[in-house]
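Peer 1: First, the structure itself, so that you have it in front of you.
Readers should treat all values here as calculations from the given coordinates under stated rules, not as data from a laboratory. Predicted model, so just to flag it, every value in this text is computed and none were measured. Note: ideal-geometry Cβ built from the backbone for every residue, glycine included; neighbour counts use all protein chains shown.
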Amino acid sequence: MNETTVFPYEDPSFVADPFPFYKALQEQGPVHPVAMPNGLQAWLVTHYDDVLAAFSDPRLSSSLSDATDPGLLEQLPQRGALRRSMLRANPPDHTRLRRLVSKVFTARRVAELRPRIQDITDRLLDAVIPAGRADLIEDFALPLPVTVISELLGVPADDRDGFREWTNTMLAQRTGPPDPARMDQAWDQMRSYLEKLLAAKRAQPGDDLLSALTAARDEEHSLDEEELVAMAFLLLVAGYITTVNLIGSGVADLLAHPDQLKLLRDDPDLLPGAIEEFLRYDGPVNPGIARFATEDVEIGGVTIPRGATVLVATAIADRDPAQFPSPHRLDVTRADNAHLAFGHGIHFCLGAPLARLEGQIAIGTVLRRLSDLALAVPFGELQWQVASLRGPKHLPVTFTPS
């Protein structure tokens, strides 16, 4: 139990499918000391009940100020003002920040976006259908949520390539240690851009979320300038990057499971439940979410010391056989799917209704409009993102042109 397990990100078979490795860890016990190749040390919590409890445990903090790992700040994308973001806040600051944006992401408000999301989806597919082949990441799964969140926030179309490049650098999706100088440069560029964008919203407000947040900053004094910049970044990045992986992984997994693909084609009413199954089976956040012990904490019979990083492994818990029958089987008809891909408790993903809707429209429209859809390469040759986010880097497919 005390021996540290190193995650083998240098092993292509692990990157392609980490779940056999996760399964072995889960079967050995509920909590393990682990190390990443980039040097991050953590305690991995793998059992569903323990992960669920960890999300509500006040001794496990979201704030980086409660961490003691000296290398941790180099491993996370939060830099400067980003440490003030809602993602890394505890109550009461978290409560105050979340209240400012929660009304925008209600199920009713998100449902009103359906026609526009469908329009964007159809336009993107219209562009590739005549060719009979596409990279469903670059051509579809990426530009769809980028366009949706940009329009919701009020980000000009010409600026979207820039923030994608800076985000990719800051998230540092690589196996080795990140380059702090490159990450700092990317954040400086992102921050400068956001400050100019927010100033433009202040001078000429529009009917968008960033204009509303700027008004809240100026009129209600409910958040300071650092928090405003951090909120803008969080909403922009979180609003698209995990949804890209949900769509990409969902389509890839369907093409690897023809029986499930047929079920979904034959009965489109299964689609909402299928989205939940994609999130459980191979969700975008992998292996989980970091928390920091504010005191010694016992989980699963293991004492985790104060200040330690606790990796609340939602991706592993979502394949716990104690919670999910046949957890390693993709089943789009699965009922009672209480997965943890969106987290739990006060930090439950604010954008969950939007991600679900985008996933349903995107995958449903692909299945309806792309006849004879198939992978253009064997499933085993797909390349996958590594580290904290999971999804195919590219998804080459063929279909009948029309």
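Peer 1: Would you mind estimating how fast the range 5-398 diffuses translationally, via Stokes-Einstein at 20 °C and 1.002 mPa s with the Kirkwood radius over Cα pairs, in µm²/s? Write out the running numbers ahead of the final one.
Peer 2: Values: Rh = 21.7 Å.
Reported coefficient: 99 µm²/s.
Peer 1: A further question follows. Say the dipole of the chain comes from +1 at the beta carbon of Lys and Arg and -1 at that of Asp and Glu; which of LEU125, TYR281, LEU389 then lies farthest toward its positive end?
Peer 2: LEU125
Peer 1: Which translational diffusion coefficient, to the nearest whole µm²/s, is obtained for the range 104-250 from the Stokes-Einstein equation, given a Kirkwood hydrodynamic radius over C-alpha pairs, 25 °C and 0.890 mPa s?
Peer 2: On the way: Rh = 16.8 Å.
Rounded to a whole number, D works out at 146 µm²/s.
Peer 1: Once amide H atoms are built 1.01 Å from N in the peptide plane, which residues 5 or more positions from VAL285, or in another chain, come under 5 Å H to H?
Peer 2: Here ARG390 satisfy the definition.
Peer 1: Apply the Karplus curve 6.51 cos²θ - 1.76 cosθ + 1.60, θ = phi - 60°, to the phi angles in the range 154-167 and return the couplings in whole Hz, x for Gly and Pro.
Peer 2: In residue order, the calculated couplings are x, 8, x, 4, 5, 8, 6, 5, x, 5, 5, 5, 5, 5 Hz.
Peer 1: Sort PHE292, PHE379 so that the residue with the fewest other Cβ atoms within 10 Å of its own Cβ comes first and the one with the most comes last. If you can, show how the numbers build up before the last one.
Peer 2: Working: PHE292 23, PHE379 14.
Sorted ascending by nearby Cβ count, the order is PHE379, PHE292.
Peer 1: If we count other beta carbons within 10 Å of each Cβ, what is the order of ASP69, ASP161, fewest first? Please list the in-between numbers first.
Peer 2: Working: ASP69 18, ASP161 9.
So the ranking, lowest neighbour count to highest, is ASP161, ASP69.
Peer 1: For LEU382, which sequence-distant residues (separation of 5 or more, or a different chain) have an amide H within less than 5 Å of its own amide H, given hydrogens modelled in the peptide plane?
Peer 2: none
Peer 1: I would also like to ask the following. Mind checking which of PRO8, PRO268, PRO378 is farthest towards the positive end of the chain's charge dipole, using Cβ charges of +1 (Lys, Arg) and -1 (Asp, Glu) about the Cα centre?
Peer 2: Ranked along the dipole, the leading option is PRO268.
Peer 1: Can you give the extra length, in nm with one decimal, that the chain gains between ALA16 and ALA127 once fully stretched, where that is 0.36 nm per residue apart less the Cα-Cα distance?
Peer 2: Values: separation 111, 0.36 × 111 = 39.96 nm, distance 2.96 nm.
Fully extending the segment from ALA16 to ALA127 adds 37.0 nm.
Peer 1: Between the range 141-160 and the range 250-294, how far is it from one alpha carbon centroid to the other, in angstrom?
Peer 2: Computed from Cα coordinates, the inter-centre distance equals 24 Å.
Peer 1: Given a cut-off of under 8 Å on Cα pairs at least six residues apart, what relative contact order in percent is computed for the chain? Mind showing how you got there, number by number?
Peer 2: Values: 635 pairs, mean separation 107.3, N = 402.
Computed over the chain, the figure is 27 percent.
Peer 1: Ok, one more. Specify the inter-centroid distance of the range 34-52 and the range 359-402, based on alpha-carbon positions, in whole Å.
Peer 2: 30
Peer 1: Distance from a point 7 Å along Cα→Cβ of ASP49 to each backbone N in the range 328-356: keep the residues under 16 Å and list them by number.
Peer 2: From the range 328-356, the list is empty.
Peer 1: Let me spell out the model: positive unit charges on the Cβ of Lys and Arg, negative unit charges on the Cβ of Asp and Glu, origin at the Cα centre of the chain. What dipole size does that give, in debye rounded to 20?
Peer 2: On the way: 38 positive and 55 negative charges, 110 e Å.
Once rounded to the nearest 20, the dipole reads 540 debye.
Peer 1: Using the Karplus equation 6.51 cos²θ - 1.76 cosθ + 1.60 (θ = phi - 60°), what ³J(HN,Hα) coupling, rounded to whole Hz, does each residue of the range 3-9 give in order, writing x for Gly and Pro?
Peer 2: Whole-Hz 3J(HN,Hα) from phi for the range 3-9: 6, 6, 9, 9, 5, x, 5.
Peer 1: How much mean residue ellipticity at 222 nm does the chain get from its helices, if each DSSP H run of length 4 or more adds -39500 (n - 2.57) and you divide by all residues, to the nearest 500 deg cm²/dmol?
Peer 2: -13500 deg cm²/dmol
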